[in-house]
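Engineer: Got a structure here, written out as structure tokens. Questions coming.
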Amino acid sequence: MKKGSVVNQPDKLSSYFKAEWSILAAVTVTGIIYNIGLLAGPWFEGQLAQCLFDIFGRKKGFSDMLHLVIVYVAVIAVVQFARYLKRFYVRRFGNHINRNMKQILYGTLIHHSKTELESENIGNIITKAISDVDACSEGMRKFTTEVFDTGIALASYILLLFTYDWRLSMISLIFPPISYYIAERLKVVVQRSGAAAQESRGCLNSATLDRVSNALTYRVFGCEAQRNYSYEEHLKDYEKSAVKANIWVAAIPPLYQMISMFSILFIIYFGSRNVLGNGWTSWNIAAFTTYISCFTKLSVKSSKAAKLFNAVQKAEVSWKRIKPLMKNVAEEEDTCSVAPDTLEVQDLEVSYLENEPIFSGLSFTSKPGEIIGVTGPVACGKTTLGQAFLCERPYHGSIRFGKRELSKLSDVQRSETVGYLGHNPELLSETIRNNILLGKNTDIQPFLKAVCIEEEISKMPDGIDTLIGNGGIRLSGGQQARIGLARTLAHPRPLLILDDPFSALDKHTELEIFQHLQELAKNSIVILISHRLYLFPQMDKIIWMENGRTSVGTHKELMNRCSAYADLYHLQEGGVEHEQ
């Protein structure tokens, strides 16, 4: 991935400006040229009006007007070119800010545990990652633009007005600040309505994902009408909150401009007195025209400044929402293979947040080449145990691999130590080849053979380059499970956690894959979680989990001392299998 500029303190907006100092320097130079050049417009308009007046009085001719027009066009061309460059660099600045923010936020999210991600509404996460970042970077872009297009321009126009008549200028400039005051007073309203709109957008995103992901379930059970009604309610709520949020930003600016333009009445009255020679100073037509033109442009800029306040206030809402996620994560270490070693688990206890432990007191050791089976009733904590090895669930006690505590390892070190296949193989919307190898340059066929899927893939139109769709939707459940297992085997780790990898397979295929697993994982420790027990006699150790307690031993030992395990095994051997 292409990296953006380095942002040292991503939770501070000033850091983003500092990171783009070179672009902002270009914006500054071109912005000053453009905005000072804007003064040429009113001045030339006044000179053109005066020249036309002199032509009617036969004091000047057409050539004088033509010369003035040519110079005017040339100056405007230079000014507009400066404007083009300024806007180009401002857009570039905005794009860089957007990219940097999204990279930082993405980097933070992928280092969150699954528990942390699941604790927040997925729609809100999507809204923060896309909509809030866009709103925040757009607010920063507008601020940068208006510093020159409004700030410097306003200062330049005010200076020009004072050079013509400082008394009239003092009177005329009474009203524009009123629009700024109104904009500031609306800050709370703008921020409150903006926050409500973003929350509603998050709910709508969640409803959309739910509607798409569970479409088949709703259709099969006849819930479509109910879900459609619910979705419409989310749409109505978002529409209402979005209108409330935007109305203050979109509908108020004309009021700002009307307030600013109220001073034109004073300019016409006192300016005409100056032209007639009985005012505060002596003006000609050129001066009068220049003054009115300059004040009109100033009023327009004033209304934009007030509008800018509201836009920045709206961006502040998004910044407050994403700020907790704007953190620099540690630089990724160079990956290196981890040698096989001993696994030691001592007095392991895992719980959800502040709740009672799901299980406790689990202790065992294992060495490379061993396969440990984990089983027990539904909801006894088998999957939670697997996630504890990934440190996705906080645990008490100790899990040491090679005398190093797993929770103390960095994310990179842990990913090089532990391989994992969960219930959901989390397949990519990619080809079979890319789903298994993930960019690794190696022969894919041994892994296809190991999971008994090579013949099925060979019959597909594009073979291993067949696109499988989002989440592997174009594959059967058994094919999805085997593709996920092939990916795990293609990226060997000294500790492999396999959570019910054979649940969608028949016994014959399961046995064949298990034999291949024994060969391919002979240098690894494999923890195999399953409800089906007929392969458990071939495993080196068994962990039985029930009612928060655990028992560890060989198959023979558990058959003798754990009646629940023995009953389940005999029940399945009798022909009945308990599927998860």
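Engineer: Considering each residue of the range 556-580, count those that are in a helix (DSSP H, G or I), at pLDDT below 90 and either open to solvent by less than 40 Å² (accessible area, probe 1.4 Å) or β-branched (V, I, T) (or both), and give that number.
Structural biologist: 1
Engineer: Kindly list, by first and then second residue, each pair from a residue in the range 542-553 that is over 14 Å from I358 (Cα atoms) and at pLDDT 95 or above to a residue that is of a type in the set (S, T, N, Q) and open to solvent by 10 Å² or more (accessible area, probe 1.4 Å), limited to pairs with Cβ atoms under 7 Å and residues at least 6 apart or on different chains.
Structural biologist: Short answer, once both residue conditions are applied: I542/T554; I543/T550.
Engineer: Just to be sure before I move on: is H508 at pLDDT below 90, closer than 20 Å to S530 by Cβ and more than 31 Å from the chain's Cα centre (by Cα) in the structure I sent? Explain how you work it out, then say what you get.
Structural biologist: Values: at pLDDT below 90: yes; closer than 20 Å to S530 by Cβ: yes; more than 31 Å from the chain's Cα centre (by Cα): yes.
Judged against the criteria, H508 is a match.
Engineer: Oh, and also: So which residues in the range 192-228 are open to solvent by 70 Å² or more (accessible area, probe 1.4 Å) and farther than 25 Å from N470 by Cα?
Structural biologist: Those that are open to solvent by 70 Å² or more (accessible area, probe 1.4 Å) and farther than 25 Å from N470 by Cα: R192, E199, A225, Q226.
Engineer: Assuming I527 fulfils every condition listed in (1) among the aliphatic types (A, V, I, L, M); (2) closer than 24 Å to E416 by Cα; (3) part of a helix (DSSP H, G or I) apart from one, which condition is it?
Structural biologist: Checking I527 against (1) among the aliphatic types (A, V, I, L, M); (2) closer than 24 Å to E416 by Cα; (3) part of a helix (DSSP H, G or I), the one that fails is (3).
Engineer: Only one residue in L109, L85 is within 17 Å of R321 (Cα to Cα), surrounded by fewer than 21 Cβ atoms within 10 Å (Cβ to Cβ) and at pLDDT 75 or above, so which one is that?
Structural biologist: L109
Engineer: Report the residue count in the range 534-557 for those that are of a type in the set (A, V, I, L, M, F, W, C) and closer than 14 Å to F364 by Cα.
Structural biologist: Taking the range 534-557 as the starting set, the residues that turn out to be of a type in the set (A, V, I, L, M, F, W, C) are 535-536, 539, 542-545, 552.
Restricting the remaining residues to those that are closer than 14 Å to F364 by Cα gives 542-545, 552.
Looking only at that region, the number is 5.
Engineer: With respect to the numbered conditions (1) modelled with pLDDT under 85; (2) buried (at least 18 other Cβ atoms within 10 Å of the Cβ), which one is the sole condition not fulfilled by L117?
Structural biologist: Checking L117 against (1) modelled with pLDDT under 85; (2) buried (at least 18 other Cβ atoms within 10 Å of the Cβ), the one that fails is (2).
Engineer: Another question, then. I need the full set of residues from the range 467-500 which are surrounded by fewer than 18 Cβ atoms within 10 Å (Cβ to Cβ) and in a loop (DSSP other than H, G, I, E, B), in order please.
Structural biologist: G469, I473, R474, S476, H491, P492
Engineer: With the structure loaded, tell me whether I70 is open to solvent by 70 Å² or more (accessible area, probe 1.4 Å) and in a helix (DSSP H, G or I) or whether it fails that test. If you could, list the steps in order and put the result at the bottom.
Structural biologist: Numbers: open to solvent by 70 Å² or more (accessible area, probe 1.4 Å): yes; in a helix (DSSP H, G or I): yes.
In short, yes.
Engineer: Scan A155, A135 and give me the residue that is among the aliphatic types (A, V, I, L, M), at pLDDT 75 or above, more than 30 Å from A196 (Cα to Cα) and out of contact with any Leu (no Cβ under 9 Å at 6 or more places or on another chain). Working first, answer last.
Structural biologist: Numbers: A135 fails: more than 30 Å from A196 (Cα to Cα).
The conditions single out A155.
Engineer: Now for a separate question. Open to solvent by less than 20 Å² (accessible area, probe 1.4 Å) and assigned to a helix (DSSP H, G or I), is that true of E510? Full working, then the answer.
Structural biologist: Details: open to solvent by less than 20 Å² (accessible area, probe 1.4 Å): yes; assigned to a helix (DSSP H, G or I): yes.
Considered against the rule, which asks whether it is open to solvent by less than 20 Å² (accessible area, probe 1.4 Å) and assigned to a helix (DSSP H, G or I), E510 comes out as yes.
Engineer: Could you give every pair whose Cβ atoms fall below 6 Å, whose first residue belongs to the range 58-77 and is within 13 Å of G37 (Cβ to Cβ), and whose second residue is not acidic (D, E), counting only separations of at least 6 or pairs across chains?
Structural biologist: From the range 58-77, the pairs are Y72/F44; V75/A40.
Engineer: Now, a different point. Take the residues of the range 426-445 that are out of contact with any helix residue (DSSP H, G or I) (no Cβ under 8 Å at 6 or more places or on another chain) and of a type in the set (D, E, K, R): which is farthest from D462 (Cα to Cα)? Talk me through it step by step, then tell me what you get.
Structural biologist: So the first thing to find is which residues in the range 426-445 are out of contact with any helix residue (DSSP H, G or I) (no Cβ under 8 Å at 6 or more places or on another chain), and the list is 430, 434, 439, 441, 443.
Add one more test, that the residue is of a type in the set (D, E, K, R), and what stays is 430, 443.
Numbers: E430: 12, D443: 17 Å.
Out of the qualifying residues, it is D443.
Engineer: Ok, one more. Of all the residues that make up the range 372-414, how many are free of Cβ contacts under 8 Å to residues at least 40 places away in the same chain, under 18 Å from R493 (Cβ atoms) and either under 28 Å from the mean Cα position of the chain (by Cα) or in a helix (DSSP H, G or I) (or both)?
Structural biologist: 5
The values are calculated or read from the model by the stated rules, or taken from the named source; none is laboratory data. The model shown is predicted, which means the values in this text are computed figures rather than measured ones. Every residue, glycine among them, receives a Cβ derived from its backbone with ideal geometry; neighbour counts consider all protein chains shown. In case anyone asks, the SASA skips ligands and DNA or RNA and just uses the protein heavy atoms, side chains included. Shrake-Rupley method; radii C 1.70, N 1.55, O 1.52, S 1.80 Å.
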